[in-house]
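Enquirer: Dropping a structure here in structure tokens format, bear with me for questions.
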Amino acid sequence: MANISLEQQADSLLRTIKHFLITRLGVVIEKASLEDFYYAFCIALREEIMINWTATQATIEQKKARTVNYISMEFLPGRFLSNNIINMGDSELVQRVLAKTGRTLPELISYEPDPGLGNGGLGRLASCLMDSLATLNYPAFGYGLRYQYGIFDQEIWNGVQIERPDCWLLNENPWQYRRDAKAANVYFGGRVIHATNSHGDDITHLEDHEIVRALPYEVPIIGYPSSHYSVLTLKLWSTKESPRNFELQRFNSGQLGQAGENTSLTDVLYPNDNHEIGKRIRLKQEFLLVSASLQNIIHRHFRIHKDIGSFADKVRIQTNDTHPALVIPELVRLLMHDYDVSWKDAWEITRTVCSYTNHTILKEALEEWNEHRISHLLPRQFLIIQKLNGEFLKEVSNKYPGNVEKLQQMSIIEGGQVRMANLSIVGCHKVNGVSALHSSILKNSLFRDFSEFYPGKFINVTNGVTQRRWLLNANPMLSEFLTKRLGKGWITNLTELRKLKSYAQDPETQKEFLEIKRKNKERLIDCLTKENPIRDSHGKIIGNSHSLGPDALFDVQIKRIHEYKRQFMNLLHLIMVFQELKEDQSSRKIKRMVLMGGKAAPGYETAKRIIQLASALSRKINSDPDVNQKLCFNFIESYNVSKAQIIIPAADLSEQISTAGMEASGTGNMKFAMNGALTIGTDDGANVEMREEVTDTWWPFLFGASTEELVELRKKGSYNPKEIYNHNPKIRKAMDFLKDHLAQNENEAHSFRSLHALLLEGFYGDNPDPFFVLKDLEDYYNTQKKVEELYITQSKWAEYAIHNMAGMGKFSTDESIHNYAKLVWEITPCPIDPEIYKTVLDEYSAILK
Ligand code: 26W
């Protein structure tokens, strides 16, 4: 549309909107409600998206490109509208159209629900990777589940987390396309009938099984414009709307729950993060995703290629953690059963095609399934896992004859449990961690036996984030600031940020940076005071969040609540500052506004107690006139991607304080730093590489024990938090306050005593303070003092912040994707073919004539 003026384009888009208002909704524009207008506006934009989508898919087919398929139980894409407008390059056009209609973009944007189809880091990473795949024109597909209810909405009732369903699909969603023709049948249960294929290998048929129909909804993922922006497909499977999923006979015999089991399979995202639950429905969800996606992948393969022989060359599958690990037995089975491939070849193809990303080393997060559960629900896949394991163990015992311990450690099935990580490692050609430190822990510690057995299989691909959402979309003012100095190159090549270094000392640049930060803080304060209520124990709103104005240091920790992330340490520090201010109001020279946000898994008691502690502290601090001019603390309800987009640009200080060795990477850390916050952090996850890029000089707030130190300490078993309590009066005073002076009711008293005991006594015979909160607290406290010293001199602070931004070039998912493409998938970009684009456009335009 390049040769039409912007004004003409605006008129044309407006005509389309009016057209849809009448043809889809039956209203004229003057009478349209916000819902009506939003919907018509989005489907008008879709018209253009469809052209590029069609052309992208046609190009991928025609070029017969090798494709990558990213399979993930979670995606956290964030709101689509604003991001799509930016990536389509239509910001100005949209402004013009809206000006003609008296609507504003913010009202449209905030009307849209934020799809919470993930828990946290893993899901958000998947979406950042999809954005980069699209922008870099890689031939890729995303596969996930279309949960009817995403991650719950969180409300805090007098300090207690209440979970409410997140009904993001209440209204028609314009960004998804239901594809009935591409539905797939997924088989569960049944009896196995044995047979052989033409190679004499065992294959299996099923009898008396249940069939669940998976229906895909396709979501367009729009790349940032090159000449023609690519549009990739994210396919989300649903079992909701299928004629046969509802079991009428069970319903008729009064078994209501069972009758609806399969229609409700994709209803809810399991809200556990880093904790395995072992539920049958979860296993069904995982297999549904795997089986439906594989069928779709194979179906696409045969549209383009004549036979299965080229499958190993043309297809790559990336499993996002072990949740989709059943692709391994299921692909082997499909190849043998449906395409008469021999066992040996099926196995070889599977191993060539699949690879696995690990996102956590926490033992309790490593998936295991009871073998009876699997064999009952997925009898054929279980037989394959058993056979694989038998062959694998033979290889192991050939290499290490007589080493029973090795066999036990490496076995896929052990003690009646199927270990999904072991299955993934054996069945994949590459296994990667998500930061240098994390990958080295996988290689040298957690999966050491495997890395010795399979040299070269374990690699690192450091995470990143997409600067399109996290700068361009979330922080327009800072984006302008960057573009003014660096040109637009950084939007698709983040290493351009390096050039910022030469501006770090420039007073004008510093001033402008600080002004932008200030405006972003004002935007956040506005949101907090209007949209972050305080509720009583019945949920009634009784107040609002507090603020100290934009001069205060904005100190932020936002992420899932977990002991290893150590929100608890942050809160103990808050108590210490509170107590100092109580004694002497001039003990602190700067104002500090502390913000914390994050959801607790519904069954995770300690995490819920930490939220309760945060709320109690917020109540205490904000209402105490002795301290509330200097210190203020708010807990942010229902933290999600949309809130992150407002909070992160306003932060001065980013809290990345996990126990060293436990945070696989972290990606919030990167978002904060590229938005001009300084990090107070341990040497953990990607913090290590961020520090290296920024250099120690400009990374002043590193603190805490190192991974190695903690490994030693655990080995020796000599850590004694009581000693710290006895020797450090400030810490002792804070701990005593926690136990004796904060609670306002019996429930709180119980919670805070438990938290106290967790650090000093230990629970159920466990070691006390397993995440070394007290060990690092003193260092943390001293480092926080350094933060305040530096913050006093704003220009100095700005200089540091600019150096930190300059060091973030490596942490774009564009870089991560290039690394996956090179080290794991060996794929090359496949931009839209101009000829194909022209054909599609001509055909489209012909209809309009
Ligand atoms: C089975 C229950 C369950 C659910 C989710 C176990 C584990 C998970 C995820 C693997 C947890 C997760 O989100 N991990 C985070 O992944 C991010 C992206 O790589 C990393 O940046 C975070 O450090 C890591 O905690």
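Read the figures in this text as sums done on the coordinates, not as results from a lab. Note that this is a predicted model, so its numbers are computed, not measured. In this analysis, Cβ positions are derived from the backbone assuming ideal geometry, glycine residues included, and neighbour counts consider all displayed protein chains.
Enquirer: Based on the alpha-carbon set only, what is the convex hull volume of the chain divided per residue, in Å³? Before the final figure, lay out the partial values.
Expert: Details: hull volume 151.8 nm³, N = 849.
Spelled out: Cα convex hull of the chain, divided by residues, is 179 Å³.
Enquirer: Output the Cα-based Rg and Dmax of the range 62-154 in Å, rounding Rg to one decimal and Dmax to a whole number.
Expert: When restricted to the Cα atoms of the range 62-154, Rg and Dmax are 16.0, 47 Å.
Enquirer: Relative contact order of the range 612-683: what whole-number percent is it, with Cα pairs under 8 angstrom and at least 6 residues apart? Don't jump to the answer; show the numbers that get you there.
Expert: Working: 62 pairs, mean separation 19.5, N = 72.
Once normalised by length, the contact order is 27 percent.
Enquirer: What's the whole-number percent of alpha carbon pairs in the range 644-798 lying beyond 19 angstrom?
Expert: Numbers: 7403 of 11935 pairs.
For the range 644-798, the fraction of Cα-Cα distances above 19 Å is 62 percent.
Enquirer: Once amide H atoms are placed 1.01 Å from N in the peptide plane, what residues at a sequence separation of 5 or more from HIS562, or on another chain, have their amide H within under 5 Å of its amide H?
Expert: The answer is GLN567.
Enquirer: Mind listing the phi-derived Karplus ³J(HN,Hα) values for the range 587-599, rounded to whole Hz, using 6.51, -1.76 and 1.60 with θ = phi - 60°, and x for any glycine or proline?
Expert: 5, 10, 8, 10, 8, 10, 10, 9, 10, 9, x, x, 9
Enquirer: Based on the Cα coordinates of the range 380-439, what is the per residue volume of their convex hull in Å³?
Expert: 113 Å³
Enquirer: Could you grab the relative contact order for the chain? Cα pairs under 8 Å, six or more apart, rounded to a whole percent.
Expert: On the way: 1548 pairs, mean separation 122.4, N = 849.
For the chain, the relative contact order is 14 percent.
Enquirer: Highest mean first, what order results for 155-166, 286-297 on Cβ atoms within 10 Å?
Expert: Values: 155-166: 18.1, 286-297: 24.1.
Those peptides, ordered most packed to least, come out 286-297, 155-166.
Enquirer: Highest mean first, what order results for 451-464, 598-611 on Cβ atoms within 10 Å?
Expert: Put in order of decreasing packing, that is 598-611, 451-464.
Enquirer: Enumerate by residue number the GluC sites (Glu not before Pro) in the range 811-841 meeting two conditions: DSSP loop (anything except H, G, I, E, B), and at most 13 other Cβ atoms within 10 Å of the site's Cβ.
Expert: On the way: sites: GLU815, GLU826, GLU835; in loops: GLU826.
Counting only loop positions with at most 13 other Cβ atoms within 10 Å, the GluC sites (Glu not before Pro) in the range 811-841 are GLU826.
Enquirer: Another question about this same structure. Here are some pairs, LYS314/LYS344; LYS620/LYS730; LYS279/LYS643; which of them have Cα atoms lying more than 21 Å apart in this structure?
Expert: Numbers: LYS314/LYS344 19 Å; LYS620/LYS730 19 Å; LYS279/LYS643 31 Å.
Those over the limit are LYS279/LYS643.
Enquirer: So in the chain, what percent of DSSP beta bridges are antiparallel if you round to the nearest 5? Walk me through the numbers before you get to the answer.
Expert: Working: 33 of 79 bridges.
Of the beta bridges lying entirely in the chain, close to 40 percent run antiparallel.
Enquirer: Given R₀ = 60 Å, what would the calculated FRET efficiency be for THR695 paired with SER253, taking r from the Cβ atoms and rounding to 0.05?
Expert: Numbers: r = 70 Å, r/R0 = 1.17.
Efficiency at R0 = 60 Å is approximately 0.30.
Enquirer: A follow-up question, please. Anything in the chain that counts as a DSSP H helix reaching 24 Å or more along its axis (C-alpha) with Kyte-Doolittle mean of at least -1.0? List them, would you?
Expert: On the way: long enough: 34-62 (41 Å, 0.16); 280-304 (36 Å, 0.04); 379-399 (30 Å, -0.47); 507-531 (35 Å, -1.35); 567-583 (25 Å, 0.51); 605-623 (27 Å, -0.21); 773-792 (28 Å, -0.82).
Membrane-span-like by this criterion, though nothing is claimed about a membrane: 34-62, 280-304, 379-399, 567-583, 605-623, 773-792.
Enquirer: Translational diffusion coefficient of the range 747-819 at 10 °C, 1.306 mPa s, Stokes-Einstein with Kirkwood Rh over Cα pairs, in µm²/s as a whole number. Don't skip to the answer; put the middle values down first.
Expert: Details: Rh = 16.4 Å.
Result for D is 97 µm²/s.
Enquirer: Ratio of the range 138-224's C-alpha Rg to 2.2 N^0.38 Å, to two decimals?
Expert: For the range 138-224, the normalised Cα radius of gyration is 1.73.
Enquirer: Shifting gears a bit: Compute the distance in nm between two label points, each set 7 Å from the Cα along the Cα-to-Cβ direction, one at ASN444 and one at LEU105.
Expert: Reported label-point gap for ASN444 and LEU105 is 4.8 nm.
Enquirer: Would you pull out the residues with amide H under 5 Å of ASP683's amide H, same chain only if 5 or more places away, H placed 1.01 Å from N?
Expert: PHE703
Enquirer: Rounded to the nearest 500, what is the chain's calculated 222 nm mean residue ellipticity when only DSSP H runs of at least 4 contribute -39500 (n - 2.57) each, over all residues?
Expert: Numbers: 33 runs with 396 residues, N = 849.
Computed ellipticity for the chain at 222 nm equals -14500 deg cm²/dmol.
Enquirer: Charges at C-beta only: +1 for Lys and Arg, -1 for Asp and Glu. How large is the resulting dipole of the range 141-249 about its Cα centre, in Debye rounded to 20? Intermediate values should be presented prior to the final figure.
Expert: Numbers: 10 positive and 14 negative charges, 73 e Å.
Dipole of the range 141-249, to the nearest 20 debye: 360 debye.
Enquirer: From the Cα trace of the range 1-156, what convex hull volume per residue do you get, rounded to a whole Å³? Display every interim value, and only then the final one.
Expert: On the way: hull volume 23.2 nm³, N = 156.
That works out to 149 Å³ per residue.
Enquirer: Now for a different question. By the scheme Lys and Arg +1, Asp and Glu -1, what is the net charge of all other residues having a beta-carbon under 13 Å from that of LYS810?
Expert: Details: positive: ARG498, ARG691; negative: GLU496, GLU689, GLU692, GLU693, ASP814, GLU815.
Once positives and negatives cancel, what remains is -4.
Enquirer: How large is the dipole of the range 628-754 about the Cα centre if only Lys and Arg carry +1 and Asp and Glu carry -1, each at its Cβ, rounded to the nearest 20 debye?
Expert: Details: 13 positive and 18 negative charges, 99 e Å.
Dipole magnitude for the range 628-754 comes out near 480 debye.
Enquirer: Beyond 21 Å, what share of the Cα-Cα pairs of the range 236-389 is found? Please give it as a whole percent.
Expert: Numbers: 6250 of 11781 pairs.
Everything past 21 Å amounts to 53 percent.
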